[in-house]
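Working notes for the structure below.
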Amino acid sequence: MLEINVLRDNAPQIIERLKKRNKDFTQQVNAILELDEQRRACQQEMDQALSESNVLSKQIGDLFKSGKQAEANEMRAKSVEMKESSHKLKDQFHELDQKLTEALYDIPNVPQDSVPAGKADTDNEEIFAEGSIPELADNNKAHWELTEQYGLIDFDLGSKITGAGFPVYTGKGAKLQRALINFFLDEAENAGYKEVIPPLMVNEDSAFGTGQLPDKEGQMYHATEDNLFLIPTAEVPITNIYRDMILKEADFPIKMCGYTPCFRREAGSYGKDVRGLNRLHQFDKVEIVQFQHPDKSQETLDTMVEHVKNLLRKLGLPYRVLRLCGGDLGFAAAVTYDLEVYSAAQEKWLEVSSVSCFETFQSNRLKCRFKGEDGKTHLAHTLNGSALALPRIVAALLENNQDENGIRIPECLHRYTGFDRID
RNA sequence: GGAGAGAUGGCAGAGUGGUCGAAUGCGGUGGUCUUGAAAACCAUUGUACGGCAACGUACCGGGGGUUCGAAUCCCUCUCUCUCCGCCA
């Protein structure tokens, strides 16, 4: 969520920049400023009242001690009276504070200047592309055919055990998963990321910290009995490691990576684009996360994109990098780069990574701060990216590398798979 | 699942109704001393909100209550630990 004091000081600019999201926030922002005004006025009144009764209480105590019962009792009556009004002010303050916070939840992050204007994914800006699109034989197959032909993934079996979107990886298909995970983790480690294996379920506070709650609870599987949520991405548990913390400036950059399965309900997305590996309820992903000094987050973002590009390069997949337009930008992100690979049999681009800088939007909720040179505390910047999400990588690998007799495995994976072909 | 204990500042750990934002120790920071370091000594050291500032207010796991006054008493929730049972 946005910082109230930043919004207070820069309202017109913020409203202007938010227009990139194709919505006018003037009214909402004005309502917030109004609430903020009221809240501050109320706090002053409340603090005043509390201060007075604190003084009074102290005096009463002194009077009792020096044996002046009568006077003390008289003041006590006065104090009771005051209590009523301070109680009212307290309630009022809390109500205003609550309203203000809730109103702030509804304002998305402010897009950076580089974010192009636009309404939908068709307006995203392609800023880089690499790799050549393979020419497949006429009788080429989509990955869901290949996985069946070579016994790599059993979608029907997953449906039987759990439901649609929960595939069973078998034989070389399972081994390929493991290989990719290890490859991605090793690459991340080589780039200085510390590996963590976080919990796959998180509590409400964590889901709130990274912004899944209060709005997007429909996306997560919810174990109501224990009020825990299955993670939709490792971003949630990993970023929450630093919730409620004050870091030292020397701690930056904090670089962490982790492999986890991810669980997404994907409610309402049935029908289109869900065939095979394109959209699953459970999938594997290696995530990279960084906490960074605000002055350095921009270059950090670039290095993270570079890291992902490198992975795709090594895998030999044709890919492109998109800078998301304002209309496609996630609620919490200030800027996002999507990386897409070309899946040659399906003849379409598949999103395999999303690298974002959230500036202070997440850390404000997380209360992740650092003590600066000036001795004051400031909110850290958070960044994260997929490096990488497996299913669509597998889809593209299978489709792009197929030939008459099987599927070629990219060289960087050989030491992990132990085989160089699937046939 | 049953029985019990507990939750206090970065950590350890006092504090059972006013003198407590909170003793003490450790740690951190600054300084003295030293060729340098260590040791010793001195000082300083929580967060948030409001205020130009002085300063005020709130916070001792969360929420509620009693009281003129709560870290301290009551209720409730959450979490942690120990023992028993079950179990990978």
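Each Lys and Arg contributes +1 and each Asp and Glu -1, all at the Cβ; summed about the Cα centre of the stretch A:271-377, the dipole is approximately 260 debye. The simple Förster model, with R0 at 60 Å and r as the Cβ-Cβ distance, assigns residue A:223 and residue A:23 a FRET efficiency of 0.95.
Roughly how many Å² is the accessible area per residue of chain A, as a whole number, for a 1.4 Å probe? Working shown, then result.
Values: 20870 Å² over 423 residues.
Counting only protein heavy atoms, the per-residue value for chain A is 49 Å².
Considering only A:125, A:187, A:84, the mean-square fluctuation computed in a Gaussian network model of chain A, springs between alpha carbons under 10 angstrom, is largest for A:84. The stretch between residue A:55 and residue A:123, if pulled fully straight at 0.36 nm per residue, gains 18.2 nm over its current Cα-Cα span. Going 7 Å from the Cα of residue A:16 in the Cα-to-Cβ direction, what parts of the stretch A:99-120 have a backbone nitrogen less than 15 Å from that spot? Flagged as within label range: A:111-114.
Taking the protein heavy atoms of chain A in the context of the full set of protein chains, the accessible area attributed to carbon and sulfur is 46 percent at 1.4 Å.
A 1.4 Å probe over all protein chains sorts A:143, A:94, A:414 by accessible area into A:94, A:414, A:143, starting with the largest.
Ranked highest first by average number of other Cβ atoms within 10 Å, how do A:338-346, A:324-332, A:1-9 line up?
Values: A:338-346: 23.0, A:324-332: 19.6, A:1-9: 15.6.
Top to bottom by mean Cβ count within 10 Å: A:338-346, A:324-332, A:1-9.
Computed over the alpha-carbon atoms, the stretch A:352-418 gives an Rg to Rh ratio of 1.33, Rh here being the Kirkwood radius from the mean inverse distance. Helical content of chain A, expressed as a calculated mean residue ellipticity at 222 nm, amounts to -14000 deg cm²/dmol (DSSP H runs of 4 or more residues, -39,500 (n - 2.57) each, divided by residue number, nearest 500).
Placing +1 on each Lys and Arg Cβ and -1 on each Asp and Glu Cβ, with no other charges, gives chain A a dipole about its Cα centre of roughly 680 debye. Given R0 = 51 Å, the distance between the Cβ atoms of residue A:403 and residue A:371 translates into a calculated FRET efficiency of 0.30.
Just for chain A, what percent of DSSP beta bridges are antiparallel, to the closest 5?
On the way: 53 of 59 bridges.
Restricted to chain A, the bridges split so that about 90 percent are antiparallel.
Extent along the principal axes, Cα only, for the stretch A:183-329: 41, 41, 32 Å, with the longest axis given first. The Rg/Rh ratio for chain A, using Cα coordinates for both the radius of gyration and the Kirkwood hydrodynamic radius, is 1.11.
Among the listed pairs A:309/A:348; A:248/A:296; A:172/A:285; A:296/A:376; A:119/A:309, which are separated by more than 21 Å between their Cα atoms?
Numbers: A:309/A:348 18 Å; A:248/A:296 15 Å; A:172/A:285 18 Å; A:296/A:376 18 Å; A:119/A:309 26 Å.
Where the Cα-Cα span goes over 21 Å, the pairs concerned are A:119/A:309.
The values are calculated or read from the model by the stated rules, or taken from the named source; none is laboratory data. Model, not experiment: these values are computed from the prediction. Here Cβ is always computed from backbone atoms with ideal geometry, including for glycine, and neighbour counts include all displayed protein chains. Surface areas here come from the heavy atoms of the whole protein model, side chains and all, with no ligands, DNA or RNA. Shrake-Rupley method; radii C 1.70, N 1.55, O 1.52, S 1.80 Å.
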